[in-house]
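Working notes for the structure below.
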Amino acid sequence: MASVIDRYGVMGYPVSHSRSPVIHRLFALQTGQNIQYELLQVAPEKLDNAVAQFQRTGGKGLNITVPHKTEVLRLADQLSERAHVAGAVNTLMFRDGSVFGDNTDGIGLLRDLTGNLGIDLRGSHILVLGAGGATRGIVGPLLESKPASLCIANRTLTKARELAEQFASAGPVSAYRFTEIPTSAHFSLIINATSAGLGGETPPYPASAVSEGCVCYDLSYGLTPTPFSRWAAQQGAGRSVMGWGMLVEQAAESFHLWRGVRPDTAAVLKQISVSAS
Ligand code: ATR
């Protein structure tokens, strides 16, 4: 009897640039899982129908990417705690007619920082630039690693304040404008979670926050350095890293949720990134 191929995919708009199909195919090869993984370009107004159709036709799970991560929340029958806190879903699992929504972005970042890059976050001083959806997804997991402080800096102060208030009970979190970040703070880690780089822009990032011992991490990634990673290197950051590792680690968490098997991420990270640091 021919074995059944389980169907997965990534939905986004646009989505043609997504590396998820390659990553999941490499995971499947490596772990001997019989899956098919599709690239699904779905416009915002077609999202509900597309998800329902994928489920109806036997699909087992989806990754959800920009711009659907928030909208797709309401299509889940059940949400993981971390998806609920993040206010966003990047992974759907279809089982027994029901839809489970999860968010593996935050844990993916943590695994890259602590596992792949060997950064000890306990007692550290962290600066997160940006206060949009990407920041909302990572603040909870970062605070769970018990930093001494976590500053959120944003062009629009009110948005940084709102996030700091939301997470106040989870740890020492504060909010600033880019220009008002305390210079006395010696940040061990600066994370760029703005979407500024997508337009090739370099916002007025706080140069005085960067020191020699500081790791600068851009959630964005590219085959050539992103504007933030170039800027960080110019400011003399100890290390300037793009988010390839987070991309692979969040994918591995989704794969584990769907298949119950944990792939070896190091091998896949090497294959998909030309230069991650
Ligand atoms: P995402 O889901 O990628 O986080 P988002 O929710 O639209 O997208 O948030 C984008 C973030 O990037 C915000 O923090 C935004 O700053 P504002 O809140 O002030 O809008 C930030 N951002 C985008 N373009 C920027 C730019 N040119 N300079 C500075 N910050 C920028």
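Computed from the coordinates by the stated procedures, all read-outs in this text should not be read as laboratory data. Fair warning: this is a prediction, and the values are worked out from it, not measured in the lab. Glycine also receives a Cβ, built like all others from the backbone with ideal geometry; neighbour counts cover every protein chain displayed.
For region 106-242, give the magnitude of the charge dipole about the Cα centre (Cβ charges: +1 Lys/Arg, -1 Asp/Glu; no others), in debye to the nearest 20. Before the final figure, lay out the partial values.
Values: 10 positive and 9 negative charges, 16 e Å.
Rounded to the nearest 20 debye, it is 80 debye.
Could you give the distance between the Cα centres of region 1-39 and region 145-177, to the whole Å? After rounding, the separation between the Cα centres reads 36 Å.
Once each part is reduced to its C-alpha centroid, what is the distance from region 53-95 to region 209-277 in angstrom? Centre-to-centre (Cα) distance: 24 Å. Considering only 189, 49, 87, and ranking their Cα positions along the charge dipole of the chain that arises from unit charges at the beta-carbon of Lys, Arg, Asp and Glu, the one farthest toward the positive end is 49. Sorting the segments 15-26, 42-53 by their residues' average number of neighbouring beta-carbon atoms within 10 angstrom, most packed first, yields 15-26, 42-53. In order along region 33-47, phi translates into HN-Hα couplings of 8, 8, 10, 10, 10, 10, 9, 10, 7, 10, 5, x, 6, 9, 4 Hz, rounded to whole numbers, per the Karplus curve 6.51 cos²θ - 1.76 cosθ + 1.60 with θ = phi - 60° and x for Gly and Pro. For the chain, the longest principal axis of the alpha carbon atoms and the long axis of helix 133-144 meet at an angle near 80°. For the chain, the Cβ-based charge dipole about the Cα centre amounts to some 220 debye (Lys, Arg positive; Asp, Glu negative; other atoms uncharged). Taking amide hydrogens as placed 1.01 Å from N in the peptide plane, the amide H of residue 121 sits under 5 Å from that of no residue at least 5 positions away in sequence or on another chain. Distance distribution P(r), region 200-277, all Cα-Cα pairs, bin width 5 angstrom from 0: 3, 16, 22, 19, 15, 12, 8, 5, 2, 0 percent.
Against the chain, whose longest principal axis is taken from its Cα atoms, helix 157-166 shows a tilt of about 70°.
Sequence gap at least 6, Cα distance under 8 Å: using those rules, report the relative contact order of region 106-242 to the nearest whole percent. List each step's numbers first, then the result.
Numbers: 262 pairs, mean separation 28.7, N = 137.
Once normalised by length, the contact order is 21 percent.
Beta carbons within 10 angstrom, averaged per residue: use that to sort the peptides 261-270, 123-132, 243-252, highest first.
Details: 261-270: 16.3, 123-132: 22.0, 243-252: 26.0.
Highest mean packing first, the order is 243-252, 123-132, 261-270.
Name the residue farthest towards the positive end of the dipole of the chain from the options 247, 78, 114, assuming +1 on Cβ of Lys and Arg, -1 on Cβ of Asp and Glu, about the Cα centre. Farthest towards the positive end: 247. Summarising the strand pairing of the chain, around 20 percent of its internal DSSP beta bridges are antiparallel. In order along region 236-249, the phi-based Karplus estimate (6.51 cos²θ - 1.76 cosθ + 1.60, θ = phi - 60°) of 3J(HN,Hα) comes to x, 4, x, 9, 10, 10, 9, x, 4, x, 4, 4, 6, 5 Hz; Gly and Pro are listed as x. Length available on full extension from residue 70 to residue 144: 0.36 nm per residue minus the Cα-Cα distance, which gives 24.4 nm. Across the alpha-carbon atoms of region 106-242, the computed radius of gyration and Dmax are 13.4, 39 angstrom. Based on every Cα atom in region 115-155, Rg and the maximum pairwise Cα distance Dmax equal 10.5, 31 Å. Over all distinct Cα-Cα pairs of the chain, the Kirkwood formula returns a hydrodynamic radius of 19.2 Å.
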